[in-house]
Amino acid sequence: LILALVPTLYSYLYYKKQLAAGTATKEDAKLIPKGASKKTAYISLIIILLVFVLVAVLMFTGDIEVIYDDDSFTIKADYYGDLTVKYEAVDSLEYLESHSSGLRQNGYGSARLGMGMFKSEALGAYTRYCYTKCPAAVMLEVEGKTLLINGIDEAATMEIYNLLLDKCGR
């Protein structure tokens, strides 16, 4: 917003300065056909509002759901690819009361969700499907790769952990 407003304000003030100095006239500013500037302004306003709505939706919505089948579970995530893991491929399973996300290498990040490939000193490279506000996570080692998932809060994360313990036979 600042990057758009500062040049616009500067341009307007420069125009006023030119009018005061007599180096420009109001007729010079009327090179745009009559009515076109209002039409352009309305179209620009609509586009800006649509962009703000889209950004708000992407930043503050989205969910992660874990669906349990007989031989595998699937992580269904809004705005990012789903992941299916076979229970037999899970080497280890651990509940973490807190975790740091590290740095996202690729994927999707918002005020609500952090998903994709991450890297941290503690975990190395890993895949993450997590809500940003929940500190707890379930850490799985799947065929030598680390996967972190969580629910919207600690209770939902603990439920994921207990269901995976049961499904994986641990």
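Let a ≥ b ≥ c be the square roots of the eigenvalues of the Cα gyration tensor of the chain; is it rounded (a/c under 1.5), or, if not, prolate (a/b larger than b/c) or oblate?
prolate
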Label-point separation (nm) for A155 and S120, each offset 7 Å from Cα along Cα-to-Cβ?
2.5 nm
Would you mind working out the accessible area per residue for the chain, using a 1.4 Å probe, and quoting it in Å²?
67 Å²
Name the residue farthest towards the positive end of the dipole of the stretch 121-169 from the options Y161, V138, Y126, assuming +1 on Cβ of Lys and Arg, -1 on Cβ of Asp and Glu, about the Cα centre.
Y126
For the chain, what relative contact order do you get, as a whole percent, if you take Cα pairs closer than 8 Å and at least 6 residues apart?
15 percent
I'd like to compare 45-53, 152-160: which one has the highest average count of other Cβ atoms within 10 Å, and what's the full order after that?
152-160, 45-53
Multiply the residue separation of M59 and S44 by 0.36 nm, subtract the distance between their alpha-carbon atoms, and state the gained length in nm to one decimal.
3.2 nm
What shape does the stretch 87-155 have by the C-alpha gyration tensor, where a ≥ b ≥ c are the square roots of the eigenvalues, rounded means a/c under 1.5, and otherwise prolate means a/b greater than b/c and oblate the rest?
oblate
Order the peptides 123-132, 102-111, 8-17 from the highest to the lowest mean number of other Cβ atoms within 10 Å of their residues.
123-132, 102-111, 8-17
Output wanted: per-residue J couplings in Hz (rounded whole) for the stretch 148-158, from phi through Karplus 6.51 cos²θ - 1.76 cosθ + 1.60, θ = phi - 60°, x for Gly and Pro.
10, 9, 8, x, 5, 8, 4, 5, 5, 5, 5
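The values are calculated or read from the model by the stated rules, or taken from the named source; none is laboratory data. Please read these numbers as outputs of a predicted model, since none were measured by experiment. For neighbour counting, all protein chains shown are included, and Cβ atoms are generated from backbone atoms with ideal geometry for every residue, glycine included. Remember, those area values only see protein heavy atoms, side chains included, never the ligands or the DNA or RNA. Shrake-Rupley method; radii C 1.70, N 1.55, O 1.52, S 1.80 Å.
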